[in-house]
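The values are calculated or read from the model by the stated rules, or taken from the named source; none is laboratory data. Predicted model, so just to flag it, every value in this text is computed and none were measured. For neighbour counting, all protein chains shown are included, and Cβ atoms are generated from backbone atoms with ideal geometry for every residue, glycine included. We work out accessible area using only protein heavy atoms, side chains counted, and drop any ligands, DNA or RNA first. Shrake-Rupley method; radii C 1.70, N 1.55, O 1.52, S 1.80 Å.
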2 protein chains.
Amino acid sequence: MKNLDCINALINCFTKLPGVGYKTAERYAYRIIEADKNWVDSFALALRDVKEKVKLCAICGNFAEIEKCGICERRIQNGVICVVKDPKDVIVIEKSGAFSGTYHVLHGVISPLEKKGPNDINLKSLITRVREENIKEVIIATNPDVEGEATANYIASLIKPSGIRVTRLAQGLALGTNLEYADEVTLGAAISNRVII
Amino acid sequence: MKNLDCINALINCFTKLPGVGYKTAERYAYRIIEADKNWVDSFALALRDVKEKVKLCAICGNFAEIEKCGICERRIQNGVICVVKDPKDVIVIEKSGAFSGTYHVLHGVISPLEKKGPNDINLKSLITRVREENIKEVIIATNPDVEGEATANYIASLIKPSGIRVTRLAQGLALGTNLEYADEVTLGAAISNRVII
């Protein structure tokens with residue numbers, strides 16, 4: 001005897017979530033069976049809602065429910081754009097409270113392995129913005145990994161000729177960590193990026 | 001800036017699945033946003049479907065789409081009932097191919113810590129079945145932990161007086177394991193349950 005067809009269909013849906021294998025999906029499905037009907041209904045509704053309502057901001061590419069996202073709608077452009085890989089990076093940087101400009105979301109990075117070139121990410125509109133919005137500085141906040149670095153360098157090579165300042169997030173020791181446990185690459189970066197006190 | 005309301009609602013739903021924290025729920029929600037619309041629709045449908053279609057078998061308490069589950073419907077009662085904690089245990093035992101009787105699903109075990117007594121699990125109908133179905137043996141296949149053992153002993157104390165054989169799954173070394181890595185409790189059980197060869 002196997003699971004009922006409708007249970008299998010649900011397990012199958014759950015396995016498509018990131019990092020969810022068959023056993024985990026089965027646990028999720030059993031929780032749904034035991035759960036309150038109202039909650040399951042609101043879960044199904046939330047799934048459909050997100051798919052219907054979430055659009056991309058026409059300016060920066062961030063998630064938005066209307067044509068413009070909350071940041072492009074409310075914040076005054078101060079001449080600084082922060083370029084990030086994903087919409088969730090916007091939320092992380094906003095939480096830090098250290099940035100007050102607008103964003104540009106690439107929805108990915110250049111990755112030859114995944115066959116993603118410059119045309120497969122939201123890059124063209126960034127170049128247009130830089131040209132039209134009187135931008136003074138572009139901060140590139142992609143991840144400090146191989147693909148993030150390569151993407152940052154590529155974007156810099158496009159923008160720098162027009163004389164605009166292009167910066168990258170500082171790389172060094174994370175605050176509160178112990179020197180002893182820092183990996184050698186990070187430590188190397190921290191030494192070569194040392195600052196005068 | 002925070003996530004959009006509809007994204008938050010979905011994240012909130014995902015956090016109610018077992019073992020899912022906020023960060024994981026956020027990852028799931030972002031996958032849904034990026035996913036194919038048809039898949040999300042079928043996901044929402046599968047959720048509602050499971051909730052509407054899955055019932056409990058009137059005889060054994062296993063999941064069923066009609067009044068009786070597939071096993072109670074098709075299998076001839078051979079006088080042996082296997083008592084398990086959850087519907088998924090039925091599937092696991094069926095996969096082993098070592099049992100050909102019918103099941104009885106308790107939907108939980110007796111657990112004073114969770115304030116679950118004998119009346120909070122599907123026990124009454126088991127006693128009725130034992131009395132009416134001409135049962136020769138009841139195999140109790142609850143988990144070999146404190147609560148599973150306590151529940152097994154309680155059920156045995158109810159059934160044994162009527163002269164029916166009550167058995168418990170054997171406890172010992174798992175097949176393919178190394179003696180060196182067996183925990184002492186399991187090893188102790190394996191020694192006291194040793195069999196003549």
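Overview of values
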| read-out | value |
| --- | --- |
| Convex hull volume per residue for the stretch B:80-145, taking Cα atoms only, in Å³ | 86 |
| Accessible area of A:Glu184 in the full protein assembly, 1.4 Å probe (Å², nearest 10) | 150 |
| Accessible area (Å², per residue) of the stretch A:90-189, counting only protein heavy atoms and a probe of 1.4 Å | 62 |
| Residue with peak Gaussian network fluctuation, chain B [Cα springs, cutoff 10 Å], from B:Ala152, B:Ala58, B:Ala29 | B:Ala29 |
| Chain A: calculated mean residue ellipticity at 222 nm from DSSP helix runs of at least 4, using -39500 (n - 2.57) | -13500 deg cm²/dmol |
| Residues whose placed amide H lies under 5 Å from that of A:Asn62, excluding near-sequence neighbours | A:Cys57, A:Val105 |
| Other protein chain Cβ atoms within 10 Å, averaged over every residue that makes up A:80-93 | 2 |
| Label-point separation in nm, B:Ile66 to B:Thr167, each point 7 Å along Cα→Cβ | 3.2 |
| Cα-centred dipole magnitude for the stretch B:37-89, charges only on beta-carbon of K, R (+1) and D, E (-1), debye, nearest 20 | 40 |
| Local net charge near B:Val40, Cβ-Cβ under 14 Å (Lys/Arg +1, Asp/Glu -1) | +2 |
| With eigenvalues of the C-alpha gyration tensor scaled by 5 and rooted, the protein assembly as shown, Å | 58, 27, 17 |
| Magnitude of the charge dipole, the protein assembly as shown, Cβ model with Lys/Arg +1 and Asp/Glu -1, debye to 20 | 540 |
| Cα long-axis angle, helix B:37-53 against chain B (0 to 90 degrees, to the nearest 10) | 40 |
| Under 13 Å, Cβ to Cβ, from B:Val80 - net charge with Lys/Arg +1 and Asp/Glu -1 | +2 |
| For the pair A and B, total buried accessible area rounded to nearest 100 Å², probe 1.4 Å | 5100 |
| Rounded D (µm²/s) - chain B, Kirkwood Rh over Cα pairs, Stokes-Einstein at 10 °C, 1.306 mPa s | 79 |
| The stretch B:24-63-the stretch A:1-73 distance, computed between alpha-carbon centres (Å) | 8 |
| Fraction of beta bridges assigned by DSSP in chain A that are antiparallel (%, nearest 5) | 20 |
| Cα-Cα separations in the stretch A:1-92 greater than 21 Å, expressed as whole percent | 53 |
| Charge context of A:Lys51, other residues only, Cβ under 9 angstrom, K/R +1, D/E -1 | 0 |
| Pairwise FRET efficiency - B:Glu149 versus B:Thr177, Cβ, R0 = 35 Å, nearest 0.05 | 0.95 |
| Length-normalised contact order for chain A - Cα pairs under 8 Å, 6+ apart - percent | 13 |
